[in-house]
Amino acid sequence: QLQASGGGLVQAGGSLRLSCVASESIFSINFMGWYRQAPGKQRELVATITLGGNTNYADSVKGRFAISGDVAKNAVYLRMNGLKPEDTAVYYCSQRTTYEAYWGQGTLVTVSS
């Protein structure tokens, strides 16, 4: 139900903007986030944002990534600057209500050195 887009191949130091939009309206979203999974590794949190606008970032992306969201549009975005090869992963978006979590299909980000 969530459509993630914006991934691609970029050189180290480059930028990408990921988008995640719901194909159908989801009501009462109170939490949005981006996660990533690199080959051979577990999925990890990248950034989250609450309904109140509070954000949280993994230490590895602080100062380089910025999450934003529009609850009314069921949309969450991730601006990624200063990309590093270690940022290479499939990025997944998530939007949550009190009772249910929705996940996107993932978008691949590849950063070349």
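Listed values, structure above:
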{"read-out": "Linear extension gain, Ser5 paired with Ser68, 0.36 nm per residue minus alpha-carbon span", "value": "21.2 nm"}
{"read-out": "Debye, to nearest 20: dipole size of the range 29-113, +1 on Lys, Arg Cβ, -1 on Asp, Glu Cβ", "value": "100"}
{"read-out": "Candidate lysines - alpha carbon under 28 Å from Lys41, same-chain residues fewer than 8 apart omitted", "value": "Lys62, Lys84"}
{"read-out": "Extension reserve of the Asp59-Trp103 stretch, reckoned as 0.36 nm per residue once the Cα distance is removed", "value": "13.6 nm"}
{"read-out": "Residue-normalised accessible area of the chain, given per residue in Å² at a 1.4 Å probe", "value": "53"}
{"read-out": "Sulfur and carbon atoms: percent of accessible area, the chain [1.4 Å]", "value": "48"}
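The values are calculated or read from the model by the stated rules, or taken from the named source; none is laboratory data. Computed from a prediction, not measured in an experiment: that's the story for all the values here. FYI the Cβ positions are ideal-geometry reconstructions off the backbone, even for glycines, and counts take in every protein chain you see. When the accessible area is computed, the model is the full protein with side chains, heavy atoms only, and any ligands, DNA or RNA have been set aside. Shrake-Rupley method; radii C 1.70, N 1.55, O 1.52, S 1.80 Å.
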